[in-house]
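Below is one structure; the comments refer to it alone.
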Amino acid sequence: MPLFTELTADETAPVWARRAVRFIHRHTRERGQPPTFREVFAELAAHDPDAAERQEAWSSASVRYLTMVHWRRRGWIRFRREPRTLRSGPAAGELFTLGPTRYTPTRKSRA
């Protein structure tokens, strides 16, 4: 599945957004300011077993921005045009109370 589709699909987006919200909170607490989109995506790529094959997509400013806009529309995050304004959104709590269906990316076998 292409990275943007995985980050925004109904079945998989909540898992990635939950990781992003956790990172936003941790980064803000530890460093006193929210992360940039680039910092969030570097953290998320570390959880992708296929990151090496999808490096171009992970580093794409377009993929980052369009994903963040999608998650903002879902209410999971919020941000303004200024840098370092990322925050969890009003619906972020639902990411942590979702049912048992949790998507975990797995490495494909290279048989």
Under-5 Å amide H pairs with ILE77, H placed in peptide plane, nonlocal only: ARG72, GLY89
How high is the relative contact order of the chain, in percent, with contacts defined as C-alpha pairs under 8 Å that are six or more residues apart? 31 percent
Going toward the positive end of the dipole of the chain, with +1 on Lys and Arg Cβ and -1 on Asp and Glu Cβ, which of PRO2, VAL15, ALA57 do you reach last? VAL15
Kirkwood hydrodynamic radius of the chain, from inverse mean 1/r over distinct Cα pairs, in Å: 14.3 Å
Give me the percent of accessible area attributable to carbon and sulfur for the chain, probe 1.4 angstrom. 52 percent
Sorted peptide list for 56-62, 15-21, 85-91, criterion being average Cβ within 10 angstrom, highest first: 15-21, 85-91, 56-62
What number comes out for accessible area per residue over the range 1-95 if the probe is 1.4 Å? Units Å², please. 54 Å²
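The values are calculated or read from the model by the stated rules, or taken from the named source; none is laboratory data. The structure presented is a predicted model; accordingly, all values stated were derived computationally and were not measured. With ideal geometry, Cβ positions are generated from the backbone for all residues, glycine too; neighbour counts draw on all protein chains shown. For accessibility, only protein heavy atoms count, side chains too; no ligands or nucleic acids. Shrake-Rupley method; radii C 1.70, N 1.55, O 1.52, S 1.80 Å.
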